[in-house]
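Just below is one structure, and these are the notes that go with it.
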Amino acid sequence: GTAPTTVTVTGAAGQIGYSLLPRIASGAMLGADRPVRLRLLEIPAAVGAAAGVAMELDDCAFPLLAGIDVTDDPATAFDGADVALLVGSRPRGKGMERADLLQANGAIFTAQGRALAENAAADVKVLVVGNPANTNALIALHNAPGIPASRFTAMTRLDHNRAVAQLARRTGVPVTGIRGITVWGNHSATQYPDLTAATVDGRPATEVVGDPAWIEEFFIPTVQQRGAAIIEARGASSAASAASAAVDHVRDWVLGTPEGTWTSMAVVSDGSYGVPEGLVSSFPVTCSGGEWRIVQGLELDAGSRARLDVTVGELAAERDAVRGMGLL
Ligand code: NDP
């Protein structure tokens with residue numbers, strides 16, 4: 001049969017990890033014909049809990065699951081990794097300043113960048129989920145000599161999926177009828193979910209929606225604030241939907257985006273749409289043959305330009321902060 005694909009998941013004992021791992025092991029991420037070998041990385045205090053998750057994965061008797069290793073050593077965790085999902089990160093503690101958060105995550109993502117460069121497969125695909133995801137990805141790619149920057153991405157797919165779901169609900173079509181949505185910029189409240197080029201069953205979304213105020217006053221803030229709304233309702237961060245988005249992101253990257261549409265991924269900018277080269281920003285992307293490509297030629301009206309400038313400005317400020325800490 002096919003040789004197993006090695007998938008490393010960090011923060012494997014966390015909430016997202018618990019939803020994510022069974023989906024990877026069942027074939028939802030890489031396909032029903034692709035065996036997977038899982039490597040779970042956790043901090044020493046959580047390795048025991050990760051071993052418990054591994055026991056449950058064993059107990060699922062997934063036909064595609066070729067093996068599971070649990071470790072607190074990044075070199076072991078990333079050994080031969082074909083796909084790495086960097087989920088674990090340092091949450092903001094009480095009274096913690098933004099600089100402390102960036103510093104704590106800087107330590108994690110510099111070390112993981114190095115461990116990836118030294119141990120992972122030459123064509124490893126990296127998805128950063130742990131926040132601040134864009135800037136954590138930026139730190140990792142700067143600390144992974146030999147791995148092309150294009151192999152590091154950060155997740156805005158949950159924001160993208162939230163935008164698709166809101167538009168489908170408003171217009172009464174299934175999500176499969178929605179195309180051409182873009183989430184631009186940072187995975188944060190400044191992100192810009194953009195319907196300008198979107199279509200609903202082939203018709204311009206702005207026309208089908210009709211009311212521009214719905215977009216400005218409901219759609220954009222609802223997507224931007226959805227994470228907080230989930231915490232408010234559930235008493236905990238979104239986890240199942242975040243895991244599902246991570247599966248979607250990697251599946252599309254590996255197996256390709258569907259014909260005639262695109263998705264949103266945070267990738268290293270080549271200067272497209274005036275986003276400064278080198279920032280890890282969300283763009284409209286298509287994937288094929290395991291490579292992503294930024295969709296070119298979309299029109300940005302003055303309102304979109306202003307929103308893009310805000311979120312990209314935030315990314316630039318985060319980059320400047322971590323550069324000032326010597327993390328890049
Ligand atoms: P979760 O599994 O709920 O979340 C993990 C990370 O994903 C957080 O940074 C979270 O950000 C982020 N995230 C990104 N997008 C979303 C989204 N849309 N919704 C929710 N979260 C999102 O966190 P837990 O605390 O349950 O688990 C984290 C695990 O990581 C712990 O077990 C910890 O031990 C581990 N860890 C592992 C490390 C390693 O392997 N080296 C390093 C550090 C931690 P946010 O905080 O903003 O919600």
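The values are calculated or read from the model by the stated rules, or taken from the named source; none is laboratory data. Remember, it's a predicted structure, so these values are computed and weren't measured experimentally. Here Cβ is always computed from backbone atoms with ideal geometry, including for glycine, and neighbour counts include all displayed protein chains. SASA here: full protein model, heavy atoms, side chains in, ligands and nucleic acids out. Shrake-Rupley method; radii C 1.70, N 1.55, O 1.52, S 1.80 Å.
Relative contact order for the range 41-174: what is it in percent, counting Cα pairs under 8 Å that are at least 6 residues apart?
Normalised by residue count, the contact order of the range 41-174 is 22 percent.
Modelling each spin label as a point 7 Å along the Cα-to-Cβ direction, I'd like the residue 293/residue 100 distance in nm, to one decimal.
4.7
For the chain, take the longest principal axis of its alpha carbons; what is the angle in degrees between that and the long axis of helix 47-59, to the nearest 10 within 0 to 90?
Tilt of helix 47-59: around 80 degrees.
Working from Cα positions, state the angle (0 to 90°, nearest 10) between the long axis of helix 240-255 and the longest principal axis of the chain.
90
Just to confirm, what accessible area per residue do you get for the range 1-147 at 1.4 Å probe, in whole Å²?
So the range 1-147 comes to 42 Å² accessible per residue, rounded to a whole number.
Measure off, as a whole percent, the carbon and sulfur share of the 1.4 Å-probe accessible area of the chain, all protein chains present.
52
Summing +1 for each Lys or Arg and -1 for each Asp or Glu, what net charge is found among the other residues whose Cβ lies under 12 Å from the Cβ of residue 92?
Value of the local net charge: +1.
For residue 211 paired with residue 169, estimate the spin-label separation in nm (one decimal), with each label point 7 Å from Cα along the Cα-to-Cβ line.
1.5
To the nearest whole percent, what portion of all C-alpha pairs in the chain is separated by more than 24 angstrom?
Counting pairs separated by more than 24 Å, the tail of P(r) holds 53 percent.
So which residue, out of 283, 62, 219, gets the largest mean-square fluctuation from a GNM of the chain using Cα contacts under 10 Å as springs?
Residue with maximal mean-square fluctuation among 283, 62, 219: 62.
Tell me the relative contact order for the chain as a rounded percent, counting alpha carbon contacts under 8 Å between residues six or more apart.
Dividing the mean separation by the residue count of the chain yields 17 percent.
With label points built 7 Å along Cα→Cβ from the Cα atoms of residue 309 and residue 228, find their separation and express it in nm.
Distance between label points: 2.4 nm.
List the extent of the Cα atoms of the range 162-284 along each of their three principal axes, largest first, rounded to whole Å.
On the principal axes, the range 162-284 reaches 38, 37, 29 Å in Cα extent.
Dimensions of the range 21-163 along principal axes (Cα, Å, largest first)?
Each principal axis gives a Cα extent; for the range 21-163 these are 45, 37, 34 Å.
Report, in degrees rounded to the nearest 10, the 0 to 90 angle that the Cα long axis of helix 157-171 makes with the longest principal axis of the chain.
With rounding to tens, the tilt is 40 degrees.
Test of understanding: extend the Cα→C-beta vector of residue 189 to 7 Å, then name every residue of the range 226-246 with backbone N under 17 Å from that spot.
226-233, 237-238
Using the Cβ atoms and a cut-off under 12 Å, what net charge is assigned to the surroundings of residue 50, where Lys and Arg are +1 and Asp and Glu are -1?
My count for the surroundings of residue 50 gives -3.
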